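This report refers to the structure that appears directly beneath it.
Quick note: the coordinates plus some simple rules give every number you see, no bench work behind them. Computed from a predicted structure; not experimentally measured. In this analysis, Cβ positions are derived from the backbone assuming ideal geometry, glycine residues included, and neighbour counts consider all displayed protein chains.
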Amino acid sequence: MARPINEEKRLERRKRILKEAVVLFAESGYSNTTMAIIAHSVGVTPGTIFQYFPSKEALFYAAVLEPLADIQVKSLACLQQEGTPGVLIKNMVEEQFNHIYFYTNELRLAQSVLGQRIRFSELTQKVLESIKVMTDAIECVYAKGQLMGEFNKSFSPAMISRAYISFLNGVCLTLGESIIHHPEWENLKGHAFYLFAPIQPKEKLEESNESNINTTRSDI
């Protein structure tokens, strides 16, 4: 059933307000961004914004958490598709690098919150919970990949997942708006996947041979 036209307009306006708020909060910070400034940038009155968000704090929470939820859904979907763990993680890396490209301001805003943990303690906790959902999912798929011989078994899945998320955050922080034109963009994707220590065909053969030798010795 199609939504009424008025509801469509309301959703579209809310989306515009949220998008502009993300940019302004990311650029100017929470204190320097007023509802009046956001309203002027969107082209509405401050009263209009309050029809969608009851307070500046509520708008700030939405600006931080809603994009993260969207990113999380898309990333988790990559890990829930059919395919081997190696393929799933490679697809996830590709998807998340696209997030860095398309959600630059949103990710900068989340990082800003994490940099002010005392000030935004409750919001920080929600951001960390979102990250944990992602790292837990990565750990699960990675551990399966280790059992299947796709990833090096010497590494802790928890360590690998956190190292990968830290790498993503670092890329977002250091490249910033130059991401689009960065000459090493494609290479960075490759480096991100190699953080998972994938086993190359030659390594798999050596590992298999070593396993067979150990089995033979135990039989003797």
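For this structure, a couple of remarks:
- Model label sites at residue 153 and residue 184, defined 7 Å from Cα along the beta-carbon direction, differ in position by 3.4 nm.
- Annotation: amide H of residue 151 within the under-5 Å range of 146, 199, sequence separation 5 or more or interchain, hydrogens built in the peptide plane.
- Inter-label distance, nm, simple model (7 Å from Cα along the C-beta direction), residue 32/residue 74: 2.8
- Sparsely packed trypsin sites (Lys or Arg not before Pro) within the stretch 63-172, loop by DSSP, other Cβ within 10 Å at most 15: 117, 119, 153
- Euclidean distance of C-alpha centroids, the stretch 114-129 and the stretch 45-66, integer Å: 18
- Among complete DSSP H helices in the chain, those whose alpha-carbon atoms stretch at least 15 Å along the helix's long axis and whose mean Kyte-Doolittle hydropathy reaches -0.5 are 56-79, 85-102, 104-114, 121-147, 157-175.
- FRET efficiency for the residue 191 to residue 11 pair, using the beta carbon distance and R₀ = 45 Å, is estimated at 0.70.
- One quarter of the surface of the convex hull around the alpha-carbon atoms of the chain equals 16.7 nm², the direction-averaged projected area.
- Spin-label pair residue 40/residue 165, simplified geometry with 7 Å Cα→Cβ offset, distance in nm: 3.8
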